[in-house]
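Notes follow once the structure below has been shown.
The values are calculated or read from the model by the stated rules, or taken from the named source; none is laboratory data. Keep in mind it's a predicted model, so treat the numbers as computed, not measured. In this analysis, Cβ positions are derived from the backbone assuming ideal geometry, glycine residues included, and neighbour counts consider all displayed protein chains.
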Amino acid sequence: MKRIALILVFAAALIVGLVSGIPLSFAMRNAGLIEQGIGWQQARGTIWHGQVTGLVYRGTPAGALDIRSSPLSLFTGSVGSDINWGAPTGRARLRVSISPSSVNLSNLGAEVDISRLDGIHDELRRVGGTLKLSNAAIRLGRNGQCTSANGSAQLDLVSRLGVQYGRDWPMLTGSPVCTDGTLKLPLSGDGQNGERFEITLSTLPDGRTSMDLHVEKLDPQATAALATLGFTKSGNGYTLRREAARNEEN
């Protein structure tokens, strides 16, 4: 039995050694990424420690990645990688675990400049703001649909907008969720005078993003100001909706 165990350990070590030498560029070319609209200028190193620069998603620059993986994760039936991402849009760190049935993102922390995202209204883009994610986790099924999500998020867009109008409006907070297979991030907050603000960021099935901003109980002056931005009457408040046009991705 000891000899069999030793043989198995040796065989496993040999397999890991062989697999660990696979170039990252080879793995990316054969992973179907190009068919999904993902391109890159250069991929260096192996699948266990490598860097990708000049990332492009559907014609839009997407920064660079540093990837560190553990061959031991193969024994769990999945491939686990620690990834650091950086781009003009922002930065993020996360753990990715890929199995035949799912993709799991965990320990996700990110800071994103929303003025650089698709699907943001031009006036709000000029206001700017930072979206922060912490301790987030997202699970995607085999077909890429979102099956579960959690974590903490905050966005300072509304508070920055309030400064423009001399108002003390709140920082919005929320948590990512999955709705009918779509990843969404609903954020909300209340002002000191009873104002209500709700923003929902969504990823569309084709990879684009959208933003819905709904406000209620604003004073007449603030309501008139937001109307000039394109807000329209909706229920008990006003809503501004924007999604990325296809030409934003080219």
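Rundown of residues vs (1) within 30 Å of Pro100 (Cα to Cα); (2) among the β-branched types (Val, Ile, Thr); (3) at pLDDT 90 or above; (4) within 17 Å of the chain's Cα centre (by Cα), yes/no style:
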| site | (1), (2), (3), (4) |
| --- | --- |
| Gln145 | yes, no, no, yes |
| Val158 | no, yes, yes, no |
| Val163 | no, yes, yes, no |
| Thr179 | yes, yes, yes, yes |
| Thr200 | no, yes, yes, yes |
| Arg208 | yes, no, no, yes |
| Val215 | no, yes, yes, no |
| Arg241 | no, no, no, no |
| Asn247 | no, no, no, no |
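Closer than 21 Å to Val103 by Cβ and either modelled with pLDDT under 75 or surrounded by 13 or more Cβ atoms within 10 Å (Cβ to Cβ) (or both), is that true of Ile7?
Numbers: closer than 21 Å to Val103 by Cβ: no; either modelled with pLDDT under 75 or surrounded by 13 or more Cβ atoms within 10 Å (Cβ to Cβ) (or both): yes.
Considered against the rule, which asks whether it is closer than 21 Å to Val103 by Cβ and either modelled with pLDDT under 75 or surrounded by 13 or more Cβ atoms within 10 Å (Cβ to Cβ) (or both), Ile7 comes out as no.
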request  = Answer with yes or no whether Gly63 is part of a strand (DSSP E or B) and at pLDDT 80 or above.
outcome  = yes
Within the range 140-175, residues being of a type in the set (Lys, Arg) and within 21 Å of Glu123 (Cβ to Cβ) number 2
Of the residues in the range 16-46, those that are loosely packed, with under 14 Cβ neighbours inside 10 Å and at pLDDT 85 or above number 3
How many residues of the range 36-60 are touching a strand residue (DSSP E or B) at 6+ places or on another chain (Cβ under 8 Å) and assigned to a strand (DSSP E or B)? The answer is 16
Only one of (1) surrounded by fewer than 17 Cβ atoms within 10 Å (Cβ to Cβ); (2) of a type outside the set (D, E, K, R); (3) in contact (Cβ under 8 Å) with a residue 40 or more places away in the chain does not apply to Pro176, and that is (1)
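Pick out the one residue from Thr130, Thr89 that is hydroxyl-bearing (Ser, Thr, Tyr) and under 30 Å from Asp219 (Cα atoms).
Details: Thr89 fails: under 30 Å from Asp219 (Cα atoms).
Criteria check complete, one pass: Thr130.
Of the residues that sit in the range 101-140 and are among the acidic types (Asp, Glu) and over 22 Å from Thr173 (Cβ atoms), which one is surrounded by the fewest Cβ atoms within 10 Å (Cβ to Cβ)? If you could, list the steps in order and put the result at the bottom.
Applying the first criterion (among the acidic types (Asp, Glu)) to the range 101-140 yields 111, 113, 118, 122-123.
This time we only want the ones that are over 22 Å from Thr173 (Cβ atoms), so: 118, 122-123.
Working: Asp118: 19, Asp122: 10, Glu123: 15.
Going through the qualifying residues, I end up with Asp122.
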Per the filter on the range 141-173, residues among the basic types (Lys, Arg) and surrounded by fewer than 16 Cβ atoms within 10 Å (Cβ to Cβ) are Arg142
